[in-house]
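Please read the structure below before turning to the comments.
The values are calculated or read from the model by the stated rules, or taken from the named source; none is laboratory data. Note that the coordinates shown come from a computational prediction; the quantities given were computed from them, not determined experimentally. Don't worry about glycine lacking a Cβ; one is built from the backbone with ideal geometry, like all the others, and counts go over all protein chains shown. With ligands, DNA and RNA removed, areas are computed over all heavy atoms of the protein, side chains included. Shrake-Rupley method; radii C 1.70, N 1.55, O 1.52, S 1.80 Å.
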Amino acid sequence: MGEKKLNKKAGLIAGPLSVIGVNISQNGRLHAHLMPRFFVIIACLIGCFIFSMIGFAKYSTSPSFCKSCHIMKPYYTAWENSSHSHVDCVDCHYPPGKSKTVLWKKFQAMSQVAKYVTRTYSSKPFAEIEDASCLRSGCHSTRLLEGKVISGKGIKFNHEDHIMNEKKGQNLKCSTCHSQIVVGKHIEVTYDSCYLCHFKGRGTGMQLQPIGGCLGCHELPDKTFKLGNIDYNHRNFVTNQGVTCDNCHLDVVRGNGTATQERCFNCHNEPDKLKQYNNVAFLHDNHVTEHNVACFHCHQEIRHGFDVDNGNATLAVMFGVKDKKQPGDVINMDDFAHSGKTVVQECGNCHIDKHSGALAMYSGALQHLDLPEMPSPMHTANVECVGCHYRDAADSEIDEFKGATINASDKACVKCHGPKYKGIWKKTKAALERNLALLDEKITLVKAALNTCSMPEPVMSKMKKNFAKVIRRHNFLKTAKGEHNIFLASWIIREEDKLLSGIEDSLKTKFSDLSKLPLVSGRYCSTLCHFKLGVKSPPPTIKIFGKQMSHIGHAVMRNCVDCHVIGSHKDIALQKNLGQNVCADCHDPEKEPFNFNSATACADKAKAVKVGNM
C-alpha cells in the first residue's frame with residue numbers, strides 16, 4: 001500500500017521536474033537524475049540574478065532612483081536646474097578613494113530604501129558633502145590653485161585662503177559657503193554664511209569693522225553715474241579724496257547672527273547634548289568641522305545689502321575704525337549670546353524722535369508743513385549723517401564712559417570736496433543764525449501788533465492762521481538746523497517773510513524789510529559758495545526772449561527769486577508768466593520786450609539797490 005502511494009506522488013512531480021531537467025525514477029525508492037538541461041537552467045538563473053543586481057546597482061546610483069522617494073523630489077528638482085545637473089548624486093554624496101566605497105554606496109542606498117518602505121525616514125533629509133567630493137579629479141581639482149576669483153555678484157574670493165587656513169579658529173569646508181539652505185537652489189554660494197563670518201561681532205553703525213573691509217570683497221564701481229542732477233564717480237571720492245564707504249552707505253548690515261537655544265531643538269532632544277549649548281568651541285568643532293552643518297541651522301541671519309525703503313543704492317560698510325574693546329567702542333551684545341545675558345539697549349525707549357527734525361530737513365519730505373518736496377543734494381546722493389558728522393584721528397579720544405557727540409565740521413567738507421570748501425559750512429551756519437534772529441524780531445513785532453489790533457473777524461482769522469503757520473515753520477527751522485538743507489531752509493525763510501509781510505500789509509504797517517537778505521532774495525548761492533569757489537554766478541549776459549540781456553544788471557535791480565524759482569542745486573527755473581508779472585514792471589509789454597518804458601524807473605531801481613547786498 002505504501003509503495004503505491006509513493007509511486008503516485010512520484011508520478012505527480014515527475015512531469016514538472018522533467019521540464020527543468022530533473023528525471024525521477026520509481027524503483028521502490030525515488031531517485032532524481034540531473035540532466036544537462038537542469039544545469040543550463042540554473043546557470044541562466046544565476047546569470048539573470050547577477051545581471052539584475054548589476055542593473056540595480058547601476059540604477060541605484062542614478063538620480064532617477066533618488067527621486068523615486070517623494071521626499072526627494074524638491075531636492076531632485078533643485079539639482080536638475082542647477083549647474084551640477086550633469087553630475088550624479090553619488091559623485092558628490094559619497095567621496096572617492098575610500099576603501100569599500102562601492103559597497104558602502106550600496107549599503108546606504110538599500111538602507112534608504114528600507115527606511116522609505118518602513119516609513120522611518122526623516123521629513124528633512126540631511127547630507128554631509130566632503131571636500132574630497134568637490135576636489136576630485138574632473139571636478140574642482142584646480143580650484144585651490146586659482147587664487148582670487150570674482151563671483152557672479154562681483155565678489156572677490158580666494159578659495160585657498162578659506163579652505164587651507166583656519167577662520168575664527170574653525171576649518172571651513174566647501175559646503176560652508178556652498179550649501180542648500182533654501183530648497184530650490186542646489187549647492188550654490190550661500191552669501192548669508194559670508195555675512196555671518198564677516199560681520200558677526202564686528203561692531204555696528206560707525207564702529208562696524210568687517211573682516212577684510214569693504215574693498216576686501218567689493219571692487220569700486222568705475223562708471224560715472226547720476227544721483228539727482230549730479231554726476232558721481234566712486235573712484236574720485238574714495239581714491240582721490242580718501243572718503244570711506246560708510247560716509248554714504250552706513251545701514252547696509254542688519255541682524256546680529258545670534259544662535260538661540262531654541263534652534264537646538266530642531267535636531268536634538270537629548271539632555272546631555274542640550275547641556276553643551278554654552279560650550280561654543282565644542283559646538284563649532286562638532287557641527288562645522290566634523291559634520292559640515294550649515295551656519296544658519298543654528299544662527300539667525302545677517303543681511304547685507306540695501307534697504308530699498310531707506311533709498312540706499314550702493315553696497316558698502318565702514319572700515320578703518322579702532323579695534324574692538326577699545327575705549328569708546330560699541331559693545332556688541334552678540335558677545336553675550338552664549339552666556340545667558342540678555343541686556344537690551346534701545347535708546348529710542350527714552351530718547352524719542354530726537355533727530356526727526358534734522359532728518360526731515362535733510363530728506364526734504366515736508367508735505368505736512370505745506371512745503372514742496374526738496375531733498376538736500378547730499379541726501380539724493382545717499383550721503384549718510386557720518387559724511388558730515390566726522391572726526392579723524394587728530395580729534396580727541398572718545399571718553400570711555402561719557403562717549404561723544406560727533407558734530408558737523410568743515411573737515412567733512414574738505415575731506416570730500418577739497419580745500420576750497422573750507423569755511424563754507426561755518427559761513428552758511430552764520431547766515432542762517434542771522435536770518436533766524438531777524439525773523440525772531442519781526443515775529444515778535446507782528447505778534448504784538450496782532451494782539452492790539454481790531455479788525456473784522458474774517459481778516460483777523462486769516463492773519464492768525466498765517467501767523468500760526470509761520471510759527472510752526474519757524475520752530476521747525478530752528479530745531480532742524482537749516483544747514484542740513486540750505487535750499488529748503490532758504491525756501492522756508494522766504495515763505496515766512498512773505499506771510500509776515502502779508503500780515504504787515506493787512507495791518508497797514510511795516511516793521512522790517514528782509515527781502516534783500518541773500519537767503520530771502522536767492523543770492524545765497526553766490527554769497528555763500530560760488531564767489532569763494534570762483535564760479536561765475538550770475539553770468540554777465542544771458543539770452544532770453546531771443547535777445548541778449550545783461551544778467552548782472554538785472555541781478556542788481558531785482559532779487560533772483562523775482563525771475564527764478566530756486567529749487568535744489570542746479571535746479572533753477574524761470575517764473576511762470578515772467579514777461580507779464582516781472583518784466584512789465586520796467587518794459588512796455590506792447591512793444592519789444594527790451595524797449596524801456598521808463599529809463600528813469602530802471603535808474604531809480606538801480607540806485608535803490610546796494611550792490612554790496614549781492
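Taking all protein chains in place and a 1.4 Å probe, what share, in percent, of the accessible surface of the range 450-590 do carbon and sulfur account for?
Reported share for carbon and sulfur atoms: 56 percent.
Determine, for each peptide in 248-260, 189-201, the mean count of other beta carbons within 10 angstrom over its residues, then list the peptides with the highest first.
So the order, starting with the most tightly packed, is 189-201, 248-260.
Describe numerically, in nm with one decimal, the distance between label points set 7 Å from Cα along Cα→Cβ at L215 and at A573.
In this crude label model, L215 to A573 measures out at 4.2 nm.
Enumerate the amide H contacts of H178 below 5 Å, restricted to partners 5 or more residues apart or on another chain; note that Pro and chain-start residues carry no placed amide H.
T190
Return the sequence-ordered ³J(HN,Hα) values of the range 38-54 in whole Hz as given by the Karplus equation 6.51 cos²θ - 1.76 cosθ + 1.60 applied to θ = phi - 60°, using x for Gly and Pro.
4, 5, 5, 5, 4, 4, 5, 5, 4, x, 4, 5, 5, 4, 5, 5, 5
Could you derive backbone 3J(HN,Hα) for the range 481-488 from the dihedral phi with the Karplus parameters 6.51, -1.76 and 1.60 (θ = phi - 60°), listing whole Hz in sequence and x where the residue is Gly or Pro?
These are the phi-based 3J(HN,Hα) values: 6, x, 5, 5, 7, 4, 5, 6 Hz.
Around L227, which amide H atoms from residues at least 5 apart in sequence, or from another chain, sit under 5 Å from its own amide H, with H modelled in the peptide plane?
Placed amide hydrogens put Y232 under 5 Å from L227.
Pairs K73/K153; K465/K510; K464/K510; K447/K508: which are spaced more than 23 Å apart, C-alpha to C-alpha?
Table pairs above 23 Å Cα-Cα are K73/K153.
Distance cut-off 28 Å, Cα to Cα: go down the list K547/K570; K462/K570; K223/K570; K478/K516; K148/K168; K354/K426 and report the pairs above it.
The answer is K462/K570.
Could the peptides 288-300, 537-549 be put in order, highest first, of the mean number of other beta-carbon atoms found within 10 Å of their residues?
288-300, 537-549
Could you tell me how far the Cα centroid of the range 38-52 sits from the Cα centroid of the range 421-439, in Å?
Value for the Cα centre distance between the two parts: 102 Å.
Would you kindly derive the ³J(HN,Hα) couplings of the range 207-216 from the backbone phi angles with the Karplus curve 6.51 cos²θ - 1.76 cosθ + 1.60 (θ = phi - 60°), listing them in order in whole Hz, with x for Gly and Pro?
The phi angles translate into 8, 5, 9, x, 4, x, x, 4, 7, x Hz.
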